[in-house]
Amino acid sequence: MHDSFKPSRRAFMRGAGALAVAGVTAPLEAATRRDVVVLTAYPDAVVSRFEAAFEKAWPRYRLRIVWRMPHDALPYLRQPGQGGVDVYWSASPRTFTQLKAEQALRKLPVSLAGLPGRVGNSVIDDPDGYFAASEVAGYGFAVNPGYLARHGLPVPADWSDLAQPAYAGHVLVPDPVEVGFAPVLVDIPLQAYGWDTGWALWSAIAANARFVGRGGSFVSDELGAGRQGVGLSIDFFVASAIANGAPLQFVYPRQGGVNPAHVAVTAASPNLEGAKAFVSFVLSEAGQRILAHPDIRKLPVRPAVYAGLPAGYHNPFAVAAQGGYRYDNGRGKGRAAPVAAAFGQALVRPQAGLAALWTRLRAADAATWAKVWPLLSAAPCKESEVDDPAVQQAFFARRDDPAAETRAVALEAGWAAAARARYAKAAELLGGA
């Protein structure tokens, strides 16, 4: 797709050269229309609908799309003149942060009135005004209702449901060490319920789970094929599967998290007025309503839009107002890697043995439970460790810095040893290895 012109999308162009040719060969009737060049990774289902609506609302402009995945967007926008791009619009917070640091963006020339810039404890807009969220993806549970019905299980509503013994063997969890979006899923209960309670909850869920080290679509594929009943994921992976016929639903737990997509105007925008018009449209009520199209189903960032959406459409702002969405993405960003590493050492690697211990504990008497439960549910480390900037830096830089790698490995070894010791003691108390 990204190596050739896609005939079904007249607006998909390749690079500045293609844009220049388009300008020369444009029909005479479009001579008075100015191009607005947008760099994005959004698929045709999203872009085509925004293109049609924007050009109807702003007939003086014509949208030209340059398609680049996030890892290709940064080098493209580092070209002279930023490749002629007016607007960058995509789901890649790190890329926007890097562009801002390189002074490659200008402050948004539009009003953000009516946009709170946060969902619960998660800030979704740049505090300095260089980029704003245009939609958010939500973390939660993909479910196969037919599978659950066959096994006599209710559709889970919140994290505590997944810890119930009845869900043993029916839950799919992406390994946060290997799957990029999964560290946030791990940290949501840790922040929402508190460090110790969150780890106790995770230990019980891990005992019920099968861990997978493959990407987001794999969870949907497994559930769609009826091999599992519940899987942790991001809503857009599941929405895509549902659009392709998978018999799935998505459940947003009360304590969830969000991953924002953003829109920004480039510092070298050759059509600043057109860029302003497009960004304004994307953030307007008309633009935000497009996100609810059945083929898109994303979460708008303008709260007022939800009043006109179909009944049952998830409203993260309403849930946050009732005490949900306690997850702080700013805090979570720094500690994601050490949290994932601790999770891997304490719960993923020893999962088979942990599951067996939980099975025996659930059948034990009250006195045994009181002795063993603290051993199985304890946090693998102190919260102050994963919040320590030095620890965070060790995990962040471990691939490029031998000293950082040495420290990260030592921390992981300590967390693993502590977990093994606790599990060995639990096995002894339960009456066997």
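If you scan region 325-376, which residues turn out to be among the hydroxyl-bearing types (Ser, Thr, Tyr) and surrounded by 23 or more Cβ atoms within 10 Å (Cβ to Cβ)? Don't jump to the end; show me each part of the working.
Within region 325-376, the first condition is being among the hydroxyl-bearing types (Ser, Thr, Tyr), and the residues that meet it are 325, 327, 359, 368.
Matches in region 325-376: 325, 327.
So that you can scan it fast, the table gives a plain yes or no per residue for (1) in contact with a Ser or Thr (Cβ under 8 Å, 6 or more places away or on another chain); (2) within 17 Å of residue 255 (Cβ to Cβ):
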position	(1), (2)
141	yes, yes
163	no, yes
166	no, no
169	no, no
175	no, no
192	no, yes
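Looking at this structure, is residue 228 farther than 27 Å from residue 330 by Cβ and touching a Pro at 6+ places or on another chain (Cβ under 7 Å)? Lay out the reasoning, then the answer.
Details: farther than 27 Å from residue 330 by Cβ: yes; touching a Pro at 6+ places or on another chain (Cβ under 7 Å): no.
No; evaluated as a whole, the condition is false for this residue.
Quick check on my filter: what residues within region 166-180 are buried (at least 18 other Cβ atoms within 10 Å of the Cβ) and either touching a residue at least 60 places away in the same chain (Cβ under 8 Å) or in a loop (DSSP other than H, G, I, E, B) (or both)?
Within region 166-180, 167, 170, 171, 172, 175, 176, 177, 179 meet the criteria.
Within region 103-129, restricting attention to residues that are in contact with a helix residue (DSSP H, G or I) (Cβ under 9 Å, 6 or more places away or on another chain) and of a type in the set (D, E, K, R), which residue is most open to solvent (accessible area, probe 1.4 Å)?
Looking at residues that are in contact with a helix residue (DSSP H, G or I) (Cβ under 9 Å, 6 or more places away or on another chain) and of a type in the set (D, E, K, R), I get 118.
Out of 214, 227, which single residue is modelled with pLDDT under 90 and part of a loop (DSSP other than H, G, I, E, B)? Step through it out loud before you land on a result.
On the way: 227 fails: modelled with pLDDT under 90.
Answer to the check: 214.
Kindly provide the set of residues from region 293-302 that are open to solvent by less than 60 Å² (accessible area, probe 1.4 Å) and within 18 Å of the chain's Cα centre (by Cα), ordered by number. Lay out the reasoning, then the answer.
Going residue by residue through region 293-302, those that are open to solvent by less than 60 Å² (accessible area, probe 1.4 Å) are 296, 298-302.
Listed by number, the residues that qualify are 296, 298, 299, 300, 301.
Hey, residue 306 hits all of (1) crowded, with 17+ Cβ neighbours inside 10 Å; (2) farther than 18 Å from residue 138 by Cβ; (3) without any contact (Cβ under 8 Å) to a residue 60 or more places away in the chain; (4) aromatic (Phe, Trp, Tyr) but one; which does it fall short on?
In the conditions (1) crowded, with 17+ Cβ neighbours inside 10 Å; (2) farther than 18 Å from residue 138 by Cβ; (3) without any contact (Cβ under 8 Å) to a residue 60 or more places away in the chain; (4) aromatic (Phe, Trp, Tyr), residue 306 misses (2) alone.
Can you tell me which condition residue 155 does not meet? The list is (1) under 20 Å from residue 319 (Cβ atoms); (2) surrounded by 16 or more Cβ atoms within 10 Å (Cβ to Cβ); (3) touching a residue at least 12 places away in the same chain (Cβ under 8 Å), and all the others hold.
(2)
The values are calculated or read from the model by the stated rules, or taken from the named source; none is laboratory data. Nothing here was measured: the structure is a model prediction, and the numbers come from that model. Methodologically, a virtual Cβ is constructed for each residue, glycine included, from the backbone with ideal geometry; neighbour enumeration extends over all protein chains shown. Please note that ligands, DNA and RNA were not included when accessible areas were found on the heavy atoms of the full protein model with its side chains. Shrake-Rupley method; radii C 1.70, N 1.55, O 1.52, S 1.80 Å.
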